[in-house]
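To start, the structure itself, in structure tokens.
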Amino acid sequence: MQQIAIFGFGTVGSGVAQVIDVNCSQIEKAFPEGIHVKYILDLRDFPDSPYADRVVHDVDIILNDPEISVVCETMGGVEPAHTFTKRALEKGISVCTSNKELVAAKGPELIRTAREHNCSYLFEASVGGGIPLLRVMNTSLSQEKLTRITGILNGTTNYILTGMESGDRSFDEMLKDAQGRGYAERNPEADIEGYDAARKIAILASLLTGKTVNYENVLREGISEISEADFAYARAMECGIKLLSDAFLDDAAEVHSVTAPFLVSRESPLFGVSGVFNAVLLHGNMVDDVMFYGRGAGKEATASAVVSDIIDCAKNRGSWIRVDWADDAAAMAPAGNDRRRFFVRVSAADEEKAYKVFGTDITRISAPGMVGEFAFVTAPVTEERFSGMASEIDIISRIRVY
Ligand code: HSE
């Protein structure tokens, strides 16, 4: 029997215990020894939980138990998760995590530590919730030169935007709803302002390049400025509004990366991705496009991905599961060079000025009920040039076009 410990008994941590319990016979098919939760590390006690007798408050009890060779870290945040993870790895204990904050901040260091101590650091659940993505990139697609990853990587914002689409529910209402369902991060700003998705695309971009993409270098914008009026125009254009994350490698092997709301046309496979679901499109040089779809947040789905890593680590006890992600910084293309079209709304009084500033090749957009405004889509323009143009005129809102 593989004895494990769970660090942090919140939504995902308690989900891990549940998945191991409910699916024990399925897990035994994959790993006949079976998996047993011996300890739960948390500051709190859980007197009403069936796991109450396994709760400990001292990490050393776990790290000094020779029966423990795998732990899952579902604490969230960088500290003390980083210290506990590093100490476990240094003892040769593999760590599986859903904690993208820690993976984005310290991934290469923890992967290196695992390698040096013949154990593994795996983080399937840190990106795309229950979607089996990282393992597929590392195994089924290991022969591919992957050049682009585009996805909807945050379940909370996709849930909110989907709810706002019809015009019936407000942003605040949808946010409360998402929080109630356990989708949102503790600090809603991480979801709403795109930090969570930026961390996830930075992790994916790092795996794409094998070097480190710092999430702070990802061009990032959240969804808090998206209004019902924007959705009225989106509907008129037969588009959705999605918080997209994108990373691609150009011919000079520089990384371009963005997380921001985009207008997504009906033709895109990402258009139909609704609610808490995430989707990721990978482009490989031989296989072309491959798309993954699944629950990007939520207790059971995320916990299922953690348990897949636990099984992998248990099967590979005493050895390092290869993850190519080095400390050196990946070369980033300046975000200002990225070219795209923008949807823009200005006051009707500024129509003539808009043509002067943005040129005559803009395309006018009308939407039912929207009066007193001039709305249009620009020709392709760099981010930098667009910012310059936008500073010359009062803009009501603008959204990038995918
Ligand atoms: N808050 C995250 C989301 C949880 O909504 O996608 C999963 O990472």
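Listing for the model above:
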| item | result |
| --- | --- |
| Within the accessible area of the stretch 348-402 (1.4 Å probe), percent carbon and sulfur | 50 |
| Links that overshoot a 27 Å alpha carbon limit, given the list 176/200; 29/145; 29/106 | 29/145; 29/106 |
| Rg/Rh for the stretch 247-402, where both radii come from Cα atoms and Rh is the Kirkwood radius | 1.10 |
| Whole-Hz couplings from phi, Karplus 6.51/-1.76/1.60, listed for the stretch 109-116; x for Gly and Pro | 4, 6, 5, 5, 4, 4, 4, 5 |
| Antiparallel content of DSSP bridges confined to the chain, in %, to 5 | 65 |
| Nearest 10 degrees, 0 to 90: helix 171-180 Cα axis against the chain principal axis | 10 |
| Most fluctuating residue given options 276, 357, 12, as computed from a GNM of the chain linking Cα atoms under 10 Å | 357 |
| Rounded if a/c under 1.5, otherwise prolate or oblate - the stretch 41-136, Cα gyration tensor axes | oblate |
| Å² per residue, accessible surface of the stretch 329-402 at 1.4 Å | 52 |
| Summed side-chain charge close to residue 235 - residues other than residue 235 whose Cβ falls under 13 Å, Lys, Arg +1, Asp, Glu -1 | -4 |
| Overall form of the stretch 187-265 per C-alpha gyration tensor (a/c, 1.5; a/b vs b/c) | oblate |
| Carbon plus sulfur fraction of accessible area for the stretch 23-123, probe 1.4 Å, in percent | 49 |
| Order by protection proxy (mean Cβ within 10 Å, highest first), peptides 240-253, 361-374, 277-290 | 240-253, 277-290, 361-374 |
| The chain: relative contact order in percent, alpha carbon pairs under 8 Å with at least 6 residues between | 18 |
| Stretch gain in nm, segment residue 109-residue 335, where the contour uses 0.36 nm per residue and the Cα spacing is subtracted | 78.7 nm |
| Length-normalised contact order for the stretch 352-402 - Cα pairs under 8 Å, 6+ apart - percent | 36 |
| Cross-link partners of residue 315 among aspartates and glutamates (Cα-Cα below 18 Å; sequence separation of 8 or more within a chain) | 28, 33, 67, 124 |
| Where only C-alpha atoms are counted, convex hull volume of the chain per residue in Å³ | 140 |
| Ordering of 5-11, 162-168 by burial proxy (mean other Cβ atoms within 10 Å per residue, highest first) | 5-11, 162-168 |
| Cα convex hull volume per residue for the stretch 81-148 (Å³) | 100 |
| Nearest 10 degrees, 0 to 90: helix 11-22 Cα axis against the chain principal axis | 50 |
| At q = 0.11, 0.28 Å⁻¹, base-10 log of I(q)/I(0) for the stretch 169-231 (Debye sum, equal scatterers on each alpha carbon) | -0.33, -1.12 |
| Square roots of 5 times each gyration tensor eigenvalue, C-alpha, the stretch 201-314, largest first, Å | 26, 20, 15 |
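The values are calculated or read from the model by the stated rules, or taken from the named source; none is laboratory data. These figures come from a predicted structure and were not determined experimentally. With ideal geometry, Cβ positions are generated from the backbone for all residues, glycine too; neighbour counts draw on all protein chains shown. Surface areas here come from the heavy atoms of the whole protein model, side chains and all, with no ligands, DNA or RNA. Shrake-Rupley method; radii C 1.70, N 1.55, O 1.52, S 1.80 Å.
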